[in-house]
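Working notes, structure below.
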Amino acid sequence: MTSPALQSSEKSLILCVEDEPNLRADIVEELWAAGHDAIAASDGHEALACLRSVRPDMVLCDITMPGMDGLELLAHMRAPERDLADIPIIFLTARDTREDLLEGKRSGAEDYLVKPVDFELMLASVDARLVHARRRSARDAYEDNAHGLDGIHGDQIKLALLDRLSIGVLLVDPDGHIVFANDQARALSARTGAFSLDDRLRMASTNLTAQLREIITTVAQAAARSDDLMRGMTVPCLTGEVTELSLICSPVEAGMRQPGVAVFISDPSHPVACPSEALICLFGLTPTEAQVTQALVRGRQRAEVAHDLGISQTTVAFHLRNIFEKTGTNRQAELLGRVMRAFAAIG
C-alpha cells in the first residue's frame, strides 16, 4: 500500500484499488496532478485494511483482482454494519460486455469505466461524483442542523452567510430602500463616510446619490425583464485611510417581493474574498476548484494561482474548465460577476 506524504484537508482523498502496479501508479499520479490526494491498494483485502484507518472521499476500483475482487469489496463496503455505504465507488475494468456493465450498475457502483483508462474521462467522472456526494452531504447536514435551530428561519441562515464576505452587500428595492445590509457594509459606512444606511441608501453628496439611484432603477428594470445587467461606479471616502469605494449593482430577485438590486461595495485596493464552503455549496465546486475560484476573484493570474496552490498551470487550466462549466462563465471577469450575483441570490 502506498500513501501520499501529507493529506491536505482542502483536498479530496481517493483510494485507488488496482492489482496492476504500473496502472496503479499512473492513476495515483493523475489524481495528484488534478489536485486530489490519493492512496493505493493492490486488492480488496488491502483496501479493507486501509478503510479501517482512513475514510476516503471516493474509491476507484478494478473489478478483476486476485484475492478479493472489486464486487466483493463493494459488498463489504455496502454492508449494513459498516459505516462505508455512502462512499462513492467507480469501477475500472476491462470487462466491457453489456452483461458486465449491467452487473456493475446493479452492484451499486456510482460509475463504470472501461479500460484502457481514459484519464481525462476518469478525472471528469471523479469530479462529477464528488460534487454529487458533497451536495448530498451538505443537504443532509443542513437538514440535520435546521432541526436544531430553534426560532431561526431558513432565510436568516442564508443571510448570515453574506456576513462572512469581505465585501459590503446591500439588497435594495427599485426605490433604493434597504432590505438587507451585511456586517461589512455597515462597517464600511461607519469607517469611510462614503454612504449612509438609513431607510434608503444615500451617498455623501446629492449628485452621487442621484447617480446611484439612476443605476439602481436601470438595473431593477433589467431584473424585471430577467435581463442580466451589471452597472458600477466609484465614490470618494470622507474619512479613514481608504480613498474611494467601488460599487457594483446587479439584479436580484431572491427573498424580495419585487425584482430588486444587490449593491456590492468594496475597497479596490483590497481583494475580494468569499468562503470556500459557500462556493462549494452554490456551484458544486470541488475544494480545489473553490481555492482556484477564490484566487481568480482576488485578481490572481493563472501562473500566480499555480504558484500559490503548488500545482502546475496545466492543472489550473483543467480546474478552470470545470469552474467555467459549473458557473456558466467563460472569462475571469464574468466569473467575478457570477460569484457576486450568486451571493446576492442567497438573500
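The values are calculated or read from the model by the stated rules, or taken from the named source; none is laboratory data. Because the structure is predicted, anything quoted here is derived from the model rather than measured. As a convention, Cβ positions derive from the backbone with ideal geometry for all residues, glycine included, and neighbour counts pool all protein chains shown.
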Give me the pairs, please: first residue somewhere in the stretch 111-123 and part of a loop (DSSP other than H, G, I, E, B), second residue anywhere and of a type in the set (S, T, N, Q), beta-carbon distance under 9 Å, and either six or more positions apart or on two chains.
Lys115/Thr93
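Residues checked against (1) at pLDDT below 90; (2) buried (at least 20 other Cβ atoms within 10 Å of the Cβ); (3) closer than 18 Å to Phe119 by Cα:
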site: Leu6; (1), (2), (3): yes, no, no
site: Ser42; (1), (2), (3): no, yes, no
site: Cys50; (1), (2), (3): yes, no, no
site: Val54; (1), (2), (3): yes, no, no
site: Leu60; (1), (2), (3): no, yes, yes
site: Ile63; (1), (2), (3): yes, yes, yes
Just to be sure, is Met203 touching a helix residue (DSSP H, G or I) at 6+ places or on another chain (Cβ under 7 Å), under 21 Å from Arg338 (Cα atoms) and modelled with pLDDT of 85 or more?
no
Here the residues within the stretch 273-318 that are closer than 18 Å to Glu30 by Cα, in a loop (DSSP other than H, G, I, E, B) and not β-branched (Val, Ile, Thr) are Gly310, Ser312
Just one of the numbered conditions (1) modelled with pLDDT under 80; (2) outside the structural domain of Asp183 (by TED's automatic domain parsing); (3) surrounded by 18 or more Cβ atoms within 10 Å (Cβ to Cβ); (4) closer than 30 Å to Leu197 by Cβ is not true of Pro271; which one?
(3)
Which residues, counting only those in the stretch 98-129, are modelled with pLDDT of 70 or more, under 20 Å from Glu18 (Cα atoms) and of a type in the set (A, V, I, L, M, F, W, C)?
Ala109, Leu113, Val114, Val117, Phe119, Leu121, Met122, Leu123, Ala124, Val126
